[in-house]
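The values are calculated or read from the model by the stated rules, or taken from the named source; none is laboratory data. As the structure is a computational prediction, the values presented were derived from the model and not from experiment. Cβ: placed from backbone, ideal geometry, glycine included. Neighbour counts: every protein chain shown. Ligands, DNA and RNA are stripped out before the accessible areas are found, and what is left, the full protein with its side chains, is counted by its heavy atoms. Shrake-Rupley method; radii C 1.70, N 1.55, O 1.52, S 1.80 Å.
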Amino acid sequence: MAFFLESTFVGLFFFGWDRLSKIGHLVVTALVALGSSLSALWILIANAWMQNPTGAHFNYQTMRMELSSFSRVLFNPVAQAKFVHTVAAGYVLGSVFVLAISAWYLLRGRNIAVAKRSMAVAASFGLACSLSVVVLGDESGYLASENQKMKVAAIEAEWRTETPPAAFTVFGLPDVQARATHAAVQVPWLLGLIATRSIDRPVLGIYDLVERARGRIASGIQAHTALKALRANPADAEAKAQFVAHQADLGYGLLLLRYVADPSAATPAQIDQAAWSTVPNVPVLFWCFRVMVGLGLFFILLFAVAIYLSTRHRFEQSHWFLRIALFSLPLPWIAVELGWIVAEYGRQPWAIDGVLPTFLGVSTRSAGNVLASLTGFAMFYSALAAVEVYLMMRMIRRGPDGLGYWPVPPSAAAFATATQV
Amino acid sequence: MPDYESLRVVWWLILGTLLIGFAVTDGFDLGLGMIFRFIGRTDEERRALLESIEPVWEGNQVWFILGGGAVFAAWPLLYAASFSSLYLAMFLILIALILRPVGFTFRNKIPDPRWRNFWDWTLLIGGTVPALLFGVAFGNLFLGLPFHFDELMRPVYTGGFLNLLHPYALLAGVVSLSMLGLHGAAYAALKVGEPMSARAAVAGRLAAAVFVVAFIAAGAWLASGLDGQRIGSGADPSGPSSPLLKSVVVSPGAWLANYRQHAIVWLAPMAALLAAVAAWVLLHVGRPGAAFVASSVTLAATILTAGIALFPFLMPSSTHPEQGLTVWDASSSAKTLFIMLVVVILLLPIVLAYTAWVYRVLKGRITLEYMRKHSGLY
């Protein structure tokens, strides 16, 4: 429904300039924005359910998760934090883009008035958005420490539970083999404050969480055995009681299927393997998270300096800043992708946290099929991206005053003329 | 809350409605994509043709997204089995559909003729390939797809991509191509100025003729040669969604069982044929508006014809017929179906209202005169 709103009005947005009043066109523009924000909301509610599968239960008759509370899915706290964090990150990306292109115009000494105005708008909007990205990122971290303790421990490379409040590791070299972090530079108290918002609650370390997973795997084996009995004979009351008692841990029992065909016959070594498989890739998460946060803080600084220069009318004299702004162009994309890696790669080995292991979530298609489609899409999109960047550079070089190169509606041409100095 | 059986039937009807909505709206811009290079000879003529669909094709395509969303949410087993089985076909459809937005957006950015020709071809592929493959997919439903479920209820597909190109499926592809071609041509005849309008009418009549022949041939084949499926026993319309509990009988001509039982459903194929003939006549006498209505009826009635033949099957299996998916064993839980039904009842009228408003704002023919005066920034 949100896609409908966005897609129906985006056509009118482009083609309705001469057919609508100014107010009408503005309303259409607002509806496009509303539609795309709603799309983002629903996408992130779905994603948040994969991070924190609330409001659903497993039905052994149909072998799937079924909805038990729509409102709990809708008001999943993870979804609220993720929505604002992700949408604000998109706004920051847009702001840095405007800032960088405007800086390029100023460095070239052209389209000065438009560029300066764009920079002022991008800087103030961008500052507000980059602040909310960080605040809601913090909220995400807090919520993750509630329901995805393993992800937080891996991001922080915290192998052993520290005495609260835990220290934050600014720099370090996580070593997966040794299960330790070398050369760590730590800020006392900081992690405990961010993750638990307290000074007395511990942030559980990886070793403790693996122990916890081991317990859940033992319970999950019971659930899996009961499920098999129930599938064979739906009237088996004993199996049903056993399944109901252990169904919350079924996903942990399924983790064993990677190492042994029948979980109830698993050896302690295999259970140990499965328990340690709940730890995501620590060095990757550790570094992706730190670079993302560093970039987020850098954007706040960038926008703050831009606002300062804008109020002092000193953009043209500050070539050093314009160059920094221009070369910041790719950074928000990097930050956004790193955030995605932290959220999704950090959820591994789960497709749906605690419920469905990724290796069972894949389809039964052959690896060759998937490789072919992935390669196809990668090549196809790379080609499209090359064309897109070429066209965008062409447009940027031509600038707002170059739009008259091909026929434009008189109103748009007048706008382009009016905004030139 | 209505009972499970009614909810399932209602969601089968909603799925059909969304497919028809997709065919009637996105159908004309796919159809126009197939023919615009032939009925528009100069760059200006082609731009006028494209401009008649550019503001609306994106909204139209959401009917397709919504159809996919409805399958995902209301018929999750169908979603899993079909998307996984038709993996490479879906990949091709997606590539072709992705060519459309870039074609529209990139085409007019550079005036070089080679550049524009290139993107015109991508738009032609983007209109033709999905229209053909949608028909091929429908044809394969009547043949059954080679799939079954493993012990974790994951669908396992045991065929290849080329198996999908059975002659019957290709015939269904021709039905789909010709009916969407007719629809796109009727739209062009209605929405653009001369000389494109007159050429569109000729193309539309050709497509209508092809459609009538292909539709009758597909029906005759279904009645005489092709194996059809019927549920034998074990299907509980209010039971849990597990496709492992029933038996299925396979016999030639069984896809017409619903038509033998209820004479009234013959109205659907009759309407499809009569409307196609009417569209031919109306394009001939210069009534493109009425022809567009007629081609819309053709689309709706054709989809209905296929749906009635398959009912209650959604996706039959050729290798394990008893594991094929039906309306009774492939749906979401009753609770999910009910919540989504409420959402659809509340929101669909709003969507229809603002879509109608957008079309009203955009009313009028795109003539060459108009193109010379206004030409978008798109």
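Of everything in region B:281-300 that is among the hydrophobic types (A, V, I, L, M, F, W, C) and crowded, with 23+ Cβ neighbours inside 10 Å, the residue that is nearest to B:Arg230 (Cα to Cα) is B:Leu299.
Per the conditions (1) surrounded by 18 or more Cβ atoms within 10 Å (Cβ to Cβ); (2) assigned to a loop (DSSP other than H, G, I, E, B); (3) not hydrophobic (A, V, I, L, M, F, W, C), the sole criterion not satisfied by A:His313 is (1). Selection of region B:91-117 for residues being within 9 Å of chain A (Cβ to nearest Cβ) and not in a helix (DSSP H, G or I) yields B:Asn108, B:Lys109, B:Ile110, B:Pro111.
Hey, among the residues in region A:136-164 that are within 18 Å of A:Val210 (Cβ to Cβ), in a loop (DSSP other than H, G, I, E, B) and not aliphatic (A, V, I, L, M), which one's nearest to the chain's Cα centre (by Cα)? So that I can check it myself, show each step before the final result.
Looking only at region A:136-164, we keep the residues that are within 18 Å of A:Val210 (Cβ to Cβ), and these are A:144-145, A:147-162.
Still in the running and in a loop (DSSP other than H, G, I, E, B): A:148, A:156-162.
From what's left, not aliphatic (A, V, I, L, M): A:148, A:156, A:158-162.
Numbers: A:Gln148: 15, A:Glu156: 18, A:Glu158: 22, A:Trp159: 24, A:Arg160: 27, A:Thr161: 27, A:Glu162: 28 Å.
Checking each candidate, the answer is A:Gln148.
Taking B:Leu273 as the residue in question, decide whether it is within 28 Å of B:Ala208 (Cβ to Cβ), surrounded by fewer than 21 Cβ atoms within 10 Å (Cβ to Cβ) and modelled with pLDDT under 90. The answer is no for B:Leu273. Flag: A:Val279 does not match the condition of being in contact (Cβ under 8 Å) with a residue 40 or more places away in the chain, part of a helix (DSSP H, G or I) and either among the hydroxyl-bearing types (Ser, Thr, Tyr) or closer than 30 Å to A:Ala180 by Cβ (or both).
Regarding region B:208-230, can at least one residue be identified that is within 26 Å of B:Leu7 (Cβ to Cβ) and either within 19 Å of the chain's Cα centre (by Cα) or assigned to a loop (DSSP other than H, G, I, E, B) (or both)? Checked against the condition, which is being within 26 Å of B:Leu7 (Cβ to Cβ) and either within 19 Å of the chain's Cα centre (by Cα) or assigned to a loop (DSSP other than H, G, I, E, B) (or both), region B:208-230 yields no hits at all.
When you look at B:Leu94, is it touching a strand residue (DSSP E or B) at 6+ places or on another chain (Cβ under 9 Å) and closer than 30 Å to B:Val351 by Cα, yes or no? The answer is no for B:Leu94. Reported count of residues in region A:1-44, each being open to solvent by less than 40 Å² (accessible area, probe 1.4 Å) and among the aromatic types (Phe, Trp, Tyr), is 3. Take the residues of region A:358-378 that are more than 7 Å from chain B (Cβ to nearest Cβ) and among the hydroxyl-bearing types (Ser, Thr, Tyr): which is nearest to the chain's Cα centre (by Cα)? If we take residues in region A:358-378 being more than 7 Å from chain B (Cβ to nearest Cβ) and among the hydroxyl-bearing types (Ser, Thr, Tyr), then A:Thr358 is nearest to the chain's Cα centre (by Cα). Only one of the numbered conditions (1) farther than 17 Å from A:Pro357 by Cα; (2) touching a residue at least 60 places away in the same chain (Cβ under 8 Å); (3) of a type outside the set (A, V, I, L, M) is violated by A:Gly294, and that is (2). The selection criterion, being in contact with a helix residue (DSSP H, G or I) (Cβ under 7 Å, 6 or more places away or on another chain) and away from chain A (no Cβ under 13 Å), does not hold for B:Ala334. Looking only at residues of region A:228-271 that are touching a His at 6+ places or on another chain (Cβ under 9 Å), more than 26 Å from A:Gly55 (Cβ to Cβ) and open to solvent by less than 40 Å² (accessible area, probe 1.4 Å), we find that the one that is modelled with the highest pLDDT is A:Leu256.
Here the condition is being under 25 Å from A:Ser310 (Cβ atoms) and free of Cβ contacts under 8 Å to residues at least 60 places away in the same chain; of A:Val87, A:Val133, A:Val114, it holds for A:Val87 alone. Within region B:209-220, is even one residue without any contact (Cβ under 8 Å) to a residue 40 or more places away in the chain, buried (at least 16 other Cβ atoms within 10 Å of the Cβ) and either touching a Leu at 6+ places or on another chain (Cβ under 8 Å) or under 19 Å from B:Phe28 (Cβ atoms) (or both)? Yes, region B:209-220 has at least one match. Picking from residues in region B:51-90 that are under 30 Å from B:Arg372 (Cα atoms) and not in a helix (DSSP H, G or I), the one that is nearest to the other protein chains (Cβ to nearest Cβ) is B:Pro55.
Being in contact with a Phe, Trp or Tyr (Cβ under 8 Å, 6 or more places away or on another chain) and modelled with pLDDT of 80 or more is the filter here; which residues of region B:365-378 pass it?
Matches in region B:365-378: none.
Does A:Leu74 count as aliphatic (A, V, I, L, M) and without any contact (Cβ under 8 Å) to a residue 60 or more places away in the chain? Against the criterion (aliphatic (A, V, I, L, M) and without any contact (Cβ under 8 Å) to a residue 60 or more places away in the chain), A:Leu74 qualifies. Using the structure shown, decide if B:Glu45 is more than 22 Å from the chain's Cα centre (by Cα), in a helix (DSSP H, G or I) and farther than 27 Å from B:Leu165 by Cα. For B:Glu45, the condition - more than 22 Å from the chain's Cα centre (by Cα), in a helix (DSSP H, G or I) and farther than 27 Å from B:Leu165 by Cα - is met. With respect to being under 23 Å from B:Gly69 (Cβ atoms) and more than 10 Å from chain A (Cβ to nearest Cβ), B:Leu314 fits the description.
Restricting attention to region A:49-100, the residues being over 19 Å from A:Asp353 (Cα atoms) and in a helix (DSSP H, G or I) number 18. When each of B:Leu245, B:Leu283 is tested for being in contact with a Gly (Cβ under 6 Å, 6 or more places away or on another chain), under 30 Å from A:Phe58 (Cβ atoms) and of a type in the set (A, V, I, L, M), the lone residue that passes is B:Leu245. Going residue by residue through region A:206-227, is there one that turns out to be open to solvent by less than 30 Å² (accessible area, probe 1.4 Å), in contact with a helix residue (DSSP H, G or I) (Cβ under 8 Å, 6 or more places away or on another chain) and of a type in the set (Ser, Thr, Tyr)? Yes, region A:206-227 contains a residue that is open to solvent by less than 30 Å² (accessible area, probe 1.4 Å), in contact with a helix residue (DSSP H, G or I) (Cβ under 8 Å, 6 or more places away or on another chain) and of a type in the set (Ser, Thr, Tyr). Give me the residue from region A:1-44 that is facing chain B (nearest Cβ under 7 Å) and not in a helix (DSSP H, G or I) and, out of that set, nearest to B:Ile65 (Cα to Cα). Only one residue fits best here, namely A:Met1.
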